[in-house]
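Nothing in this text is a laboratory measurement; each read-out follows from the coordinates by a stated rule. Values in this document were obtained by computation on a predicted structure and should not be read as measured data. Cβ placement follows ideal geometry from the backbone for every residue including glycine, while neighbour counts extend to all protein chains displayed.
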Amino acid sequence: MGIINFTPDSFYAGSRADTTEAAAAKARKMLEEGARILDLGAYSSRPGADHVTEDEEWARLKAVLPFVQAAMAEFPETFISIDTFRSGVAQKALEAGAHMINDISGGKLDPKMYEVVAAHRCPYIMMHMQGTPQDMQNNPTYNHVTQDIVKFFSEQLPKLHAMGIHDTIVDVGFGFGKTLKHNYQLLRELHAFQLLGRPILTGISRKSMIYKALNSDAEHSLNGTTALHMAALVGGSQILRVHDVKEALETITLFIHLYPEGVPHLLPSWER
């Protein structure tokens, strides 16, 4: 999954596209490098991000969506994901041709989100976040971070199933209301989320859990990202949400060579 942001303040400048031409070019490059999903975002969810109105979020997406769709026309079996926690934005994007919703709040910030997803019968990525983007890093606290988040998904997934939503993907939400210690514990214990029986998406690309540990910054975190992507794959992740598609696909290719029959302690193996 390649990341394209239409925001002026996303934490990694390399993810931003500030014109329709830049959006189309970035989409084409990611697709040529092997992306199967493009995740389009118009609301920065970095810690302490500025608030953006729903109208502004949709205006940003509406302007670029046709250009991204045009770039994707030559790449069959590729999909557009919309990174939003707002049901109104999700509704309009799905009506405009998007294929799935990536909700950083797992439905907690907009109770109508589940209704929209159910009505469109689209895939839904449910992420765990403690708090909101504005306050999530203000002393995040858990009894046991992995157990608490497994419990969160265990409580939410039946609600989705009751509404007829079965095509769900879980994302533990690295960096969203977690300390550095929480993030690395979740990565070590990622295999525990296999118990949910849903595909696992991992979004750690160039995040602070990498560059803070390396005393670096997002711009110089590609090598660290690649190392932790391999750890995520070994832990059972089946989708990597990334800024650097070529390098991520190379990591997946080497993982498949390393574990051609799948990792022994995991349930499924990667499709070959």
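Here the spin labels are modelled as points 7 Å beyond Cα on the Cα-Cβ line, and at E247 and K29 they lie 1.3 nm apart.
In what sequence, highest mean first, do 181-188, 156-163, 231-238 appear when ranked by Cβ atoms within 10 angstrom?
Packing proxy ranking, top to bottom: 231-238, 181-188, 156-163.
Working from label points 7 Å from Cα in the Cα-to-Cβ sense, the A22 to A192 distance is 4.0 nm. Spin-label model, A96/H161: points 7 Å from Cα along the beta carbon direction are separated by 3.5 nm.
Mean sequence separation of contacting Cα pairs (under 8 Å, at least six apart), scaled by the length of the chain, corresponds to a relative contact order of 16 percent.
Note down the magnitude of the dipole of segment 135-198 about its Cα centre, charges +1 on Lys and Arg C-beta and -1 on Asp and Glu C-beta and zero elsewhere, to the nearest 20 debye. Each step should come with its number before you reach the end.
Details: 6 positive and 6 negative charges, 27 e Å.
In total the dipole reaches around 120 debye.
Provide the gained length on full extension for the span N138 to E54, in nm with one decimal, where the gain is 0.36 nm per separating residue minus the Cα-Cα distance.
Numbers: separation 84, 0.36 × 84 = 30.24 nm, distance 2.46 nm.
Between N138 and E54, full extension yields an extra 27.8 nm.
Taking the number of Cβ atoms within 10 Å of each Cβ as an exposure proxy, the fewest-first ranking of M127, M100 is M100, M127. For the pair L214 and K181, the difference between a 0.36 nm per residue extended length and the Cα-Cα distance amounts to 10.5 nm.
For A98, no residue has an amide H sitting under 5 Å from its own, ignoring neighbours fewer than 5 places away on the same chain, with H placed 1.01 Å from N.
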